[in-house]
Amino acid sequence: MKVRINDVVLECTQGNIVTQEGFDAIVNASNAWLRMGGGVAGAIHRAAGPGLEEECRPLAPIKTGEAVITGGHNLPNPYVIHVLGPIYGMEKDPAEKLAACYKNALKLAYERGLKSVAFPAISTGAFGYPMEEAARVAFKEILEVIPQLKSVSHVRFVLYSKRDLQIHEQILTSVLEGFPGGYRIEG
């Protein structure tokens with residue numbers, strides 16, 4: 001599913017976050033120490049090679065909702081934006097902290113003049129955030145931030161499973177129904 005909002009394309013696709021060729025940055029659902037870990041963080045670190053962890057060391061630890069940026073190393077992307085999502089049920093104000101991940105990642109992309117960013121479903125794996133709720137938080141935040149994105153023109157959600165993709169497409173459709181700005185569905 002692809003939607004155009006102002007000059008920004010927002011899309012959902014099924015795939016692997018580490019194979020997003022043509023995107024300026026991918027987002028890493030990281031741990032506080034920006035280390036390899038499992039899930040998305042493990043996949044990104046394995047694909048990027050040991051240089052990524054070395055570059056991350058002086059940037060750690062990060063706080064929940066915070067974003068930092070590094071090079072992409074062996075990835076097909078020049079940059080990796082690392083965010084620490086909330087652990088669902090363990091942290092106060094998880095929706096606010098999850099929204100901050102998306103806002104701060106896009107802010108970093110804008111500050112660097114990046115044109116395209118690919119996100120995973122932050123906090124929905126080991127951190128236990130329910131997929132539907134996380135998707136709603138993510139899309140509401142991104143729709144709020146889009147008018148301020150002067151350089152970013154393409155935001156992609158890369159979902160691991162068909163089920164996750166379907167959930168994101170349904171939630172995006174539902175969030176767009178209440179969106180006051182103009183948009184066009186492109187596919």
Legend entry - So V152, is it modelled with pLDDT of 95 or more, aliphatic (A, V, I, L, M) and not in a loop (DSSP other than H, G, I, E, B): no
* Based on what the data block shows, is E96 modelled with pLDDT of 95 or more and more than 13 Å from the chain's Cα centre (by Cα)? -> yes
### Query
Would a scan of segment 123-134 turn up a residue that is touching a Ser or Thr at 6+ places or on another chain (Cβ under 8 Å), touching a residue at least 24 places away in the same chain (Cβ under 8 Å) and of a type outside the set (A, V, I, L, M, F, W, C)?
yes
Checking L165, L159 in turn, the sole residue that is surrounded by 21 or more Cβ atoms within 10 Å (Cβ to Cβ) and touching a residue at least 12 places away in the same chain (Cβ under 8 Å) turns out to be L159
When every residue in segment 17-36 that is crowded, with 21+ Cβ neighbours inside 10 Å, touching a Lys or Arg at 6+ places or on another chain (Cβ under 9 Å) and not hydrophobic (A, V, I, L, M, F, W, C) is compared, the one nearest to Y129 (Cα to Cα) is Q20
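Kindly evaluate E111 against the criterion of being modelled with pLDDT under 95, surrounded by fewer than 19 Cβ atoms within 10 Å (Cβ to Cβ) and either farther than 27 Å from A47 by Cβ or out of contact with any helix residue (DSSP H, G or I) (no Cβ under 8 Å at 6 or more places or on another chain) (or both).
For E111, the condition - modelled with pLDDT under 95, surrounded by fewer than 19 Cβ atoms within 10 Å (Cβ to Cβ) and either farther than 27 Å from A47 by Cβ or out of contact with any helix residue (DSSP H, G or I) (no Cβ under 8 Å at 6 or more places or on another chain) (or both) - is not met.
Here are some residues: Y102, Y88. Which one is part of a helix (DSSP H, G or I), at pLDDT 95 or above and hydroxyl-bearing (S, T, Y)?
Only one candidate qualifies: Y102.
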Looking across segment 19-69 at residues that are of a type in the set (V, I, T) and out of contact with any strand residue (DSSP E or B) (no Cβ under 7 Å at 6 or more places or on another chain), the single one that is nearest to A126 (Cα to Cα) is T64
Next on the checklist: in contact (Cβ under 8 Å) with a residue 60 or more places away in the chain, within 13 Å of the chain's Cα centre (by Cα) and not in a loop (DSSP other than H, G, I, E, B): is that true of V137 in this structure?
Outcome noted: no
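What is the residue count in segment 14-29 for residues that are assigned to a loop (DSSP other than H, G, I, E, B) and closer than 12 Å to P78 by Cα?
Final tally of qualifying residues: 5.
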> Before we move on, is A126 surrounded by fewer than 19 Cβ atoms within 10 Å (Cβ to Cβ) and among the aliphatic types (A, V, I, L, M)?
Replying inline: yes
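The values are calculated or read from the model by the stated rules, or taken from the named source; none is laboratory data. What you see is a predicted model; the values in this text were computed from it and never measured. Note: ideal-geometry Cβ built from the backbone for every residue, glycine included; neighbour counts use all protein chains shown.
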